[in-house]
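Quick notes on the structure that follows.
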Amino acid sequence: MRVMTFGNRGSEMTIRKTLSIFLTSGISLAIALAFVAGTVSISTSPAWAEDDASIARGGKLYDKWYKVIKADGPKENHPAWPASNTKKKGGVTHRCKSCHGWDGLGKDGAYASGSYKTGIKGVNGMIGADTAKIIAVMKDKTHGYAGKMDDKDYMDLAMFVSKGQVDMKKYIDYGAKKSKGNAAKGAAYYNTICAGCHGMKGELPKDMPKPLGGIGNPQEFIHKILNGQPGEPMPALLALDVSITADILAHIDTLPKEK
Ligand code: HEC
Ligand code: HEC
């Protein structure tokens, strides 16, 4: 669930429109700017834009914080990683998503079973929580992240936990492991936003062991399409409606599963 003020978006659109009307009608830029400055303040960017940038960066940190901050991945298991899970070891046990899930639901979500089963609760209980409270949790004894990142990193992570989580059960059929979105609608977005890097058939970049259509982790895909890929210039589609992400994923489900 994300909180957004659409009013802000609307008013920015109006400024752009006003400017372009002035410019196309041949009035000088200086006059146009003076007009805009006199009527509406354009000195600060709208709050939603900054929030979305912070949330998306937080989402990438939640995915793999040490890659985002270009630090070496920890070698030992995270102290809170349960001994009962011997399938995962080392750096991966320090990623937020490994304990709390791509869906933020922990033991009640996609990681209720499988190689990431830990029995740890989700972070969904902190949706809407004060960022200071969330930061305090990351720095507590259980987590031990104090001193590992800087203030902006903790704030972005907290923004993601508080405002960036989406109700994945609304968009994914957990039993079938498929998106509930509309593949035909998603194709247009995929072909124009994603195909430049991933190829029309999801076959790129070449070093991906499987094409996008063959990876089959819908929760991970929704998270990455919304927030981006750590350490890569992949866009974050957070500013678009989540249903578009689900539509893109439905289209990816129709792409080849093997290279
Ligand atoms: C190795 C496992 C592990 C990792 C990695 C981990 N956590 Fe946790 N987290 C826990 C456990 C265990 C709890 C529950 C602690 C408790 O109940 O006392 C918890 C609880 C939380 C809570 C409180 C949830 C609530 O509703 O009370 C938040 C928020 C949280 N973690 C955020 C994060 C963030 C952000 C990261 C990554 C920077 C992270 N965690 C990484 C194990 C982990
Ligand atoms: C600017 C280039 C770029 C664009 C545009 C882009 N991506 Fe990516 N994406 C990447 C790179 C690079 C990776 C990392 C690939 C790797 O691990 O080798 C990646 C990884 C991914 C992954 C994770 C794959 C895995 O290994 O689990 C998914 C899912 C994904 N992209 C989906 C998309 C979708 C959907 C779009 C369009 C909305 C998109 N990407 C747009 C560059 C891009």
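Worth pointing out:
- Helices (runs of 4 or more DSSP H) lying entirely in the stretch 1-112 (those with 2 or more residues that are modelled with pLDDT under 50): 6-24, 29-39
- Selection of the stretch 184-212 for residues being more than 8 Å from ligand 2 (Cβ to nearest atom) and β-branched (Val, Ile, Thr) yields only THR192.
Residue-wise test of (1) of a type in the set (D, E, K, R); (2) within 22 Å of GLU220 (Cα to Cα).
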| position | (1), (2) |
| --- | --- |
| ALA112 | no, yes |
| SER115 | no, yes |
| THR118 | no, yes |
| ASP140 | yes, no |
| GLY144 | no, no |
| GLY147 | no, no |
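- Total residues in the stretch 216-238, condition at pLDDT below 95 and touching a helix residue (DSSP H, G or I) at 6+ places or on another chain (Cβ under 9 Å): 0
- When residues in the stretch 124-149 are screened for being touching a residue at least 40 places away in the same chain (Cβ under 8 Å) and loosely packed, with under 14 Cβ neighbours inside 10 Å, 2 of them pass.
- Pairs meeting the criteria (first residue in the stretch 175-201 and at negative phi, second residue of a type in the set (Phe, Trp, Tyr) and buried (at least 17 other Cβ atoms within 10 Å of the Cβ), beta carbons under 7 Å, at least 6 apart or on different chains) are SER179/TYR171; LYS180/TYR171; GLY181/TYR171.
- Subset of the stretch 124-147 (residues that are β-branched (Val, Ile, Thr), closer than 19 Å to TYR66 by Cβ and assigned to a loop (DSSP other than H, G, I, E, B)): THR142
- Residue that is at pLDDT 95 or above, aliphatic (A, V, I, L, M) and within 16 Å of ligand 1 (Cβ to nearest atom), where the choices are ALA184, ALA195, ALA158: ALA158
- Some residue of the stretch 162-181 being out of contact with any Asp or Glu (no Cβ under 7 Å at 6 or more places or on another chain), among the small types (Gly, Ala, Ser), over 21 Å from ALA110 (Cβ atoms) and more than 16 Å from ligand 2 (Cβ to nearest atom): yes
- Any hit, the stretch 123-138, residues being at pLDDT 95 or above, more than 23 Å from the chain's Cα centre (by Cα) and more than 20 Å from ASN227 (Cα to Cα): no
- For the stretch 102-111, filtering for residues that are within 15 Å of ligand 2 (Cβ to nearest atom) and out of contact with any strand residue (DSSP E or B) (no Cβ under 9 Å at 6 or more places or on another chain) leaves 1.
- Helices (runs of 4 or more DSSP H) contained entirely in the stretch 148-257, each with at least 1 residues that are farther than 22 Å from CYS99 by Cα: 151-159, 183-189, 195-198, 242-252
The values are calculated or read from the model by the stated rules, or taken from the named source; none is laboratory data. In this text, all values refer to a predicted model and were calculated from it rather than measured experimentally. Virtual Cβ from ideal backbone geometry, glycine too; neighbours counted across all protein chains shown.
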